[in-house]
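Student: Below is a structure I'd like to ask you about.
The values are calculated or read from the model by the stated rules, or taken from the named source; none is laboratory data. What you see is a predicted model; the values in this text were computed from it and never measured. Please note: Cβ atoms are built from the backbone with ideal geometry, for glycine as well, and neighbour counts cover all protein chains shown.
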């Protein structure tokens, strides 16, 4: 049967590989928008007469580049291990409380990194809450949390969902039969994980790892707070007082991202090839004697990544409950409700638009051989490494100086555009994995039965691709919720979200207000993620 | 496998989707070139909880309506710069002299009238009259009251390079207020002496922090004993957490460490309602506003004969020298300041 289908596919080969012109046009059009921030950086460097060579020879810059790459690599490795193992435990084993873990494990993504950093300091820095609590027990030496250790810990704990989400979505679709076969041959759960599950999920793991890597390149809040010097802290320090230095450092960041994304494409080109899909319910692997250890592991991650920040935020909020207009939480004011509602609808709509816009490119890259797809994917993906401020300034510059752009300036559509450019990479990677996981033979079979392109899209591709798209949607939604610089600068005037308030408040030591809004942010994202991403994906369970 | 029917079950999604779409369409109607509908457009680097109440009061009392975007002073200044001649912004309120000085240097601010500038002492306005100070903050040494004996506190900032302060002092080397201090110091002492001091701090193990707020937190935890910050952070932090063991120490009157920095306001050269814009600045320098800033945000009032309150009452403005002449450097001198801080190794 396979051979017959393969023959069909082979005969139809040429038409399968040649993409529809409309698809190419849309994909290229979308990708051109993502060129805007890179073009802006080049233009800025030329305009300011910045000397790239001289900056690259500067010792401080070299240290910043090295620090950035070391941190990004370390966090990527740790977050990938963490995210992958958590996804497997939650999706494919009989871990107790899987439904609850599945609902809360994505949430660290929405904790703004500087909030995570503040929580880490409040707990583990000398004189912090945890340190004080442990002192009576005779434990008075803690690892230094400032610098690399702190930045690495916070970012790993906050970014592992970038790997967890796509891998969990993928593992829900891997046929259980292969795993059962391995188990029937006497392999234990961890051997099955290594030999069967890991190869099946490789595409998703790579996709998540790359997003983590790029996120760390662009990360700014936690590294600045924890005093670890990277390219982004150099850009921040120079943004106003030495703009040509800021422009060069931003360009270096952009180039690093382009290089790393291109390298990743070359390494993984073959792995993305052909992956199977199952619609059968999952029978979880028995953890047996590993169950307590596995449960403790998942609980520890949730405690550190989510409960600890929530506890610190709760403490801040409680201090403001009796406060006045300034030092209070602002709980009763109508403003908070508006901010929460704005946060919710803007993030949902921006995530929908982002997924819809990058989907054609995902199809083009995963299904067809097109010269346009490689550079388009690279530029869309690499854009994620640019700081939000750069993207915002690029959009201001390109739009406000033309009369058409000026009418759109600081409108809602423009804000959504900024989110698309900033976070398109997340949706693209998730969508590419989803699209390439659909077995081509299903499509070919349908074609040979006379089903047209749209019918195949609706009946075959659509349902199979949807979980992957939902994952991308969820990641973009949570990123938008916590996004700060672009929101503050490009949103319609007097439009406030939870995130726009939080950062400024914390800078003014108005922690009660900042803490309350952060808690609300976690709550809103938790509800939306569960409603729109987690619940629809949870499979009908079956006893092992 | 996703259960399509569950996702798309109208009862769950439809109401949510409809309301969200309605919000989006509603929002699309707004915005655009003139989202403020002829109202006075203000970009404020001071946060809403701190300045919002007084802007509300201005809305009520005058026939001018304001429309405000809050953000980081430096980022807002960069956006105004990028907006160019089409900018709709009328008034820029800056957290520090650095950001507004940048816009003045880019020729983006209109000279203010004598009616506005005359409200404050000359030393609290830009030399060319492009911006005016609204409130004052004084640089202090914040210290941990559990760890430090108040009697042993230094008279001069230059003592901080001594061995008793080794590894115990926090600075925010990339923060605007620290940079402004360095710029002012360069104006008064010359580059060589300031660089030597910064190198001394670095060699003495001064710890680098992200911001004034982060320093006050670290001092409160006892991670460090001292920090160089603006005075109101400790007061603000204690308002929320009265148990926090932090207090301000003022350097001696003539000491460079006791520098006054201002938050400031200016009118954009491209504003189409410069008179209303100046009316707002004058209101912010009036009795009601200055009293509000003094009592609610713990800052120095700069105008209207309002007296400072709390611990500032013992430190009258007249006792603090500067920043006469020092601010002139803030337009173009910041780049050199940043380079000097980098060179000193502070924060590395």
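Student: Among the candidates A:445, A:362, which residue alone is surrounded by fewer than 22 Cβ atoms within 10 Å (Cβ to Cβ) and over 25 Å from residue A:527 (Cβ atoms)? Show your work before the answer.
Tutor: Values: A:362 fails: surrounded by fewer than 22 Cβ atoms within 10 Å (Cβ to Cβ).
Step by step, each of A:445, A:362 is checked, and only A:445 is surrounded by fewer than 22 Cβ atoms within 10 Å (Cβ to Cβ) and over 25 Å from residue A:527 (Cβ atoms).
Student: Something else: So which of A:187, A:194 is surrounded by fewer than 18 Cβ atoms within 10 Å (Cβ to Cβ), free of Cβ contacts under 8 Å to residues at least 40 places away in the same chain and not in a helix (DSSP H, G or I)?
Tutor: Values: A:194 fails: not in a helix (DSSP H, G or I).
Unique residue meeting the criteria: A:187.
Student: Next question. Which residue, of A:462, A:504, is more than 20 Å from residue A:167 (Cβ to Cβ), in contact with a strand residue (DSSP E or B) (Cβ under 8 Å, 6 or more places away or on another chain), within 14 Å of another protein chain (Cβ to nearest Cβ) and modelled with pLDDT under 80? If you could, list the steps in order and put the result at the bottom.
Tutor: Details: A:462 fails: in contact with a strand residue (DSSP E or B) (Cβ under 8 Å, 6 or more places away or on another chain).
Exactly one residue qualifies, and that residue is A:504.
Student: Name the one entry in A:346, A:378 that is in contact with a helix residue (DSSP H, G or I) (Cβ under 9 Å, 6 or more places away or on another chain) and buried (at least 24 other Cβ atoms within 10 Å of the Cβ). Don't jump to the end; show me each part of the working.
Tutor: On the way: A:378 fails: buried (at least 24 other Cβ atoms within 10 Å of the Cβ).
It is A:346.
Student: Related question: Please determine whether any residue of region A:507-527 is within 7 Å of chain B (Cβ to nearest Cβ), touching a residue at least 24 places away in the same chain (Cβ under 8 Å) and in a loop (DSSP other than H, G, I, E, B). Before the answer, list the steps.
Tutor: At the first step, the residues of region A:507-527 found to be within 7 Å of chain B (Cβ to nearest Cβ) are A:507-513.
Still in the list and also touching a residue at least 24 places away in the same chain (Cβ under 8 Å): A:510-513.
Imposing the further condition that a residue be in a loop (DSSP other than H, G, I, E, B) reduces the set to A:510.
Yes: region A:507-527 contains one or more residues that are within 7 Å of chain B (Cβ to nearest Cβ), touching a residue at least 24 places away in the same chain (Cβ under 8 Å) and in a loop (DSSP other than H, G, I, E, B).
Student: Which residues, taken from region B:208-237, are more than 19 Å from the chain's Cα centre (by Cα), surrounded by fewer than 22 Cβ atoms within 10 Å (Cβ to Cβ) and more than 8 Å from every other protein chain (Cβ to nearest Cβ)?
Tutor: Within region B:208-237, B:225 is the sole residue that qualifies.
Student: Also: Looking at region B:190-298, what strands (runs of 3 or more DSSP E) fall wholly within it and have at least 2 residues that are over 18 Å from residue B:178 (Cα atoms)? Steps first, answer last, please.
Tutor: Details: elements: B:226-230, B:246-249, B:260-267.
By residue number, B:246-249, B:260-267.
Student: State all residues of region A:448-475 that are assigned to a helix (DSSP H, G or I) and either surrounded by fewer than 20 Cβ atoms within 10 Å (Cβ to Cβ) or more than 31 Å from the chain's Cα centre (by Cα) (or both); if no residue qualifies, say none. Step through it out loud before you land on a result.
Tutor: Kept after step one, since they are assigned to a helix (DSSP H, G or I), are these residues of region A:448-475: A:448, A:453-475.
Those that are assigned to a helix (DSSP H, G or I) and either surrounded by fewer than 20 Cβ atoms within 10 Å (Cβ to Cβ) or more than 31 Å from the chain's Cα centre (by Cα) (or both): A:448, A:453, A:454, A:455, A:456, A:457, A:458, A:459, A:460, A:461, A:462, A:463.
Student: Looking at this structure, is residue A:407 surrounded by fewer than 24 Cβ atoms within 10 Å (Cβ to Cβ) and either within 9 Å of chain B (Cβ to nearest Cβ) or within 30 Å of residue A:524 (Cα to Cα) (or both)? Spell out how you get there, then give the answer.
Tutor: On the way: surrounded by fewer than 24 Cβ atoms within 10 Å (Cβ to Cβ): yes; either within 9 Å of chain B (Cβ to nearest Cβ) or within 30 Å of residue A:524 (Cα to Cα) (or both): yes.
Taking the combined requirement at face value, the residue satisfies it.
Let's see how each residue does on (1) assigned to a helix (DSSP H, G or I); (2) more than 7 Å from chain A (Cβ to nearest Cβ); (3) in contact with a strand residue (DSSP E or B) (Cβ under 6 Å, 6 or more places away or on another chain):
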residue	(1), (2), (3)
B:89	no, yes, yes
B:92	no, yes, yes
B:99	yes, no, no
B:107	no, yes, no
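Student: So which of A:29, A:83 ends up being surrounded by fewer than 20 Cβ atoms within 10 Å (Cβ to Cβ) and either touching a residue at least 24 places away in the same chain (Cβ under 8 Å) or part of a helix (DSSP H, G or I) (or both)? I'd like the intermediate steps shown before the answer.
Tutor: Details: A:83 fails: surrounded by fewer than 20 Cβ atoms within 10 Å (Cβ to Cβ).
The match here is A:29.
Student: Give, as residue ranges, the helices (runs of 4 or more DSSP H) completely inside region B:1-74 that count at least 2 residues that are modelled with pLDDT under 75 and surrounded by 18 or more Cβ atoms within 10 Å (Cβ to Cβ).
Tutor: On the way: elements: B:4-7, B:10-29, B:48-61.
Where helices (runs of 4 or more DSSP H) fall fully within region B:1-74 and carry at least 2 residues being modelled with pLDDT under 75 and surrounded by 18 or more Cβ atoms within 10 Å (Cβ to Cβ), they are B:10-29.
Student: Looking at B:122, B:85 in this structure, which one is within 13 Å of another protein chain (Cβ to nearest Cβ) and surrounded by fewer than 20 Cβ atoms within 10 Å (Cβ to Cβ)? Even if it seems obvious, please write down each step before you answer.
Tutor: Details: B:122 fails: within 13 Å of another protein chain (Cβ to nearest Cβ).
Of the residues listed, the single one that is within 13 Å of another protein chain (Cβ to nearest Cβ) and surrounded by fewer than 20 Cβ atoms within 10 Å (Cβ to Cβ) is B:85.
Student: Moving on to the next point. For region B:255-313, how many residues are at positive phi and touching a helix residue (DSSP H, G or I) at 6+ places or on another chain (Cβ under 6 Å)? Quick ask: steps written out before the conclusion?
Tutor: Of region B:255-313, the ones at positive phi are B:298, B:304-305, B:310.
Now narrow it down to the ones that are touching a helix residue (DSSP H, G or I) at 6+ places or on another chain (Cβ under 6 Å): B:298, B:304.
Number of matching residues: 2.
Student: Does residue A:126 satisfy being under 18 Å from residue A:164 (Cα atoms) and touching a helix residue (DSSP H, G or I) at 6+ places or on another chain (Cβ under 8 Å)? If you could, list the steps in order and put the result at the bottom.
Tutor: Working: under 18 Å from residue A:164 (Cα atoms): no; touching a helix residue (DSSP H, G or I) at 6+ places or on another chain (Cβ under 8 Å): yes.
So residue A:126 does not fit the description; no.
Student: Condition first: under 22 Å from residue A:489 (Cα atoms) and not in a helix (DSSP H, G or I). Now tell me which residues in region A:394-447 satisfy that.
Tutor: Result: A:401, A:402, A:409, A:410, A:411.
This table checks each residue for (1) modelled with pLDDT under 90; (2) within 20 Å of residue A:515 (Cβ to Cβ); (3) within 11 Å of chain B (Cβ to nearest Cβ); (4) in contact with a strand residue (DSSP E or B) (Cβ under 9 Å, 6 or more places away or on another chain).
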site: A:312; (1), (2), (3), (4): yes, yes, no, no
site: A:318; (1), (2), (3), (4): yes, yes, yes, no
site: A:335; (1), (2), (3), (4): yes, yes, yes, no
site: A:346; (1), (2), (3), (4): no, no, yes, no
site: A:359; (1), (2), (3), (4): no, no, no, no
site: A:376; (1), (2), (3), (4): no, no, no, no
site: A:379; (1), (2), (3), (4): no, no, no, no
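Student: More than 19 Å from the chain's Cα centre (by Cα) and away from chain A (no Cβ under 14 Å): is that true of residue B:205 in this structure? Before you say what the answer is, go through the steps one by one.
Tutor: Numbers: more than 19 Å from the chain's Cα centre (by Cα): yes; away from chain A (no Cβ under 14 Å): no.
Here the answer is no, as residue B:205 does not meet what is asked.
Student: Follow-up question, since we're still on this one. Identify, from the list B:140, B:148, B:182, B:120, the residue that is assigned to a strand (DSSP E or B) and over 26 Å from residue A:388 (Cβ atoms). Even if it seems obvious, please write down each step before you answer.
Tutor: Working: B:148 fails: assigned to a strand (DSSP E or B); B:182 fails: assigned to a strand (DSSP E or B); B:120 fails: assigned to a strand (DSSP E or B).
From the options B:140, B:148, B:182, B:120, the qualifying one is B:140.
Student: When you look at residue B:264, is it within 11 Å of chain A (Cβ to nearest Cβ), crowded, with 21+ Cβ neighbours inside 10 Å, farther than 18 Å from residue B:173 by Cα and under 19 Å from the mean Cα position of the chain (by Cα), yes or no? Steps first, answer last, please.
Tutor: On the way: within 11 Å of chain A (Cβ to nearest Cβ): no; crowded, with 21+ Cβ neighbours inside 10 Å: yes; farther than 18 Å from residue B:173 by Cα: yes; under 19 Å from the mean Cα position of the chain (by Cα): yes.
No, not satisfied.
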